[in-house]
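These notes concern the structure reproduced below.
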């Protein structure tokens, strides 16, 4: 198993280009299940999760070509089952459920796995499909769904769910009649998916708001489209610049997707300038402690909570970081404390008292974003940090060690542990 070794204390400087969004590419690739013919999708990142979804789609009989630009054809689907072996490592695999039922009339999908950061139940997906007229059962760890044709309905999600919104929005494109999704998630990745589906001929309005309306059509056609930039990767590099007192230009991003983070980082003393699809981020010396509360978009992203905590570990005072999205997303705290961070967990909040310096140490990644936060801590720490379980970082960051090294970081991957 690979490890990443970081010798801290280097100031980051230079340009870094942001890859396509993992959380945008996954549903876009899955949307091909709705179409008979070759779709072309640009800006697909090279990530472990992308490899997983490609394997899953391939197991269904989908033809896939290319890497950053992917051509994909689901015209010859041979099976409608997503097995446990393919689904267990990634919760987003549940996204195939809605499109398969909508187009093929049936699906058998293993209950998903992925990062152990808290309950992300599929019951919202299941109930929504039932409301659309599908017969859904749980049997032997699988969700089994059947419907001759889905029927439009008015649905209400009890909690904001990104994958639930995406799953049911895709399913409803081929349903008979009109579907109204209430309390829909707002994330930019949902807007991106809606634009792709509209390009296929779907009739969707309201994406990015609380209420999405889908008028079902009988069939969709192939499309050529691009995945949006990864706002979480961009945010991680913004924080890296601040923690190292660096001066970094972040290219190929969408600053509008990062409004809340940019505001918090400016409060923390960073200088951030916006120039079209680029951001220039400079550390301001002393890190000012700020409070953060994660919320569904457009609030502060839960996927940047661990990274901002790493920065606040070096703050000049006390910060309170409150997690409201996932109940088990403080697993990085114990590893940061091994590096000298002063953090106390109180319920859903972490009380972070800034320290003068962090110290390099052997640490272990527990999930995707935790691994990013530990790399950030290692960049700013004195001495050497060795991160194990780096397969987590490979799920969501394309060659992060190479991008950081190009900015001047002393970071390398060691294979074979």
(request) Take the alpha-carbon centre of the stretch 50-97, take the same for the stretch 126-158, and report the distance between them in whole Å. (result) 21
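Please state, as a whole number in µm²/s, the translational diffusion coefficient that the Stokes-Einstein equation yields for the stretch 22-226 at 20 °C and 1.002 mPa s, with Rh defined as the Kirkwood radius across alpha carbon pairs.
131
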(request) Give me the orientation-averaged projected area of the Cα convex hull of the chain, in nm², one decimal. (result) 18.1
(request) Order the peptides 22-29, 34-41, 72-79 from the highest to the lowest mean number of other Cβ atoms within 10 Å of their residues. (result) 22-29, 34-41, 72-79
(message) If I take every Cα pair under 8 Å that is 6 or more residues apart in the chain, average their sequence separation and divide by the length, what percent do I get for the relative contact order?
(response) 21
(request) Could you let me know the centre-to-centre spacing of the stretch 232-263 and the stretch 314-343, using Cα atoms, in angstrom? (result) 20
(message) Quick check: the angle from helix 48-59's long axis to the longest principal axis of the chain, C-alpha only, nearest 10 degrees?
(response) 20
(request) Mind pulling the angle between the C-alpha long axis of helix 231-243 and the longest principal axis of the chain? Nearest 10 degrees, somewhere in 0 to 90. (result) 0
(request) Would you mind computing, in nm to one decimal, how far apart the modelled labels at residue 71 and residue 15 are, each placed 7 Å from Cα along Cα→Cβ? (result) 3.1
(request) Among 159, 308, rank each residue by its count of other Cβ atoms within 10 Å, from fewest to most, as a rough exposure measure. (result) 159, 308
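So for each of 187-197, 402-412 I average, over its residues, the number of other beta carbons within 10 Å; can you give me the resulting order with the highest mean first?
Listed from highest to lowest mean packing, they are 187-197, 402-412.
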(message) Within a 10 angstrom radius of the beta carbon, how do 17, 205 rank from fewest other beta carbons to most?
(response) 205, 17
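With 10 angstrom as the radius, rank 390, 211 by how many other C-beta atoms surround their C-beta, starting from the fewest.
Least crowded to most crowded, the residues run 211, 390.
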(request) Looking at the chain, send over the antiparallel percent of its DSSP beta bridges, to the nearest 5. (result) 70
(message) Compute the angle between helix 162-172 and the longest alpha-carbon principal axis of the chain, please, reported from 0 to 90 degrees and rounded to the nearest 10.
(response) 20
(message) Let me check against my output: what whole-number percent is the relative contact order of the stretch 22-226, with C-alpha pairs under 8 Å and at least 6 apart?
(response) 20
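Taken together, the values in this text are just the output of simple stated rules run on the coordinates, not laboratory data. Computed from a predicted structure; not experimentally measured. All Cβ positions, even for glycine, are placed from backbone atoms using ideal geometry, and neighbour counts span all protein chains on display.
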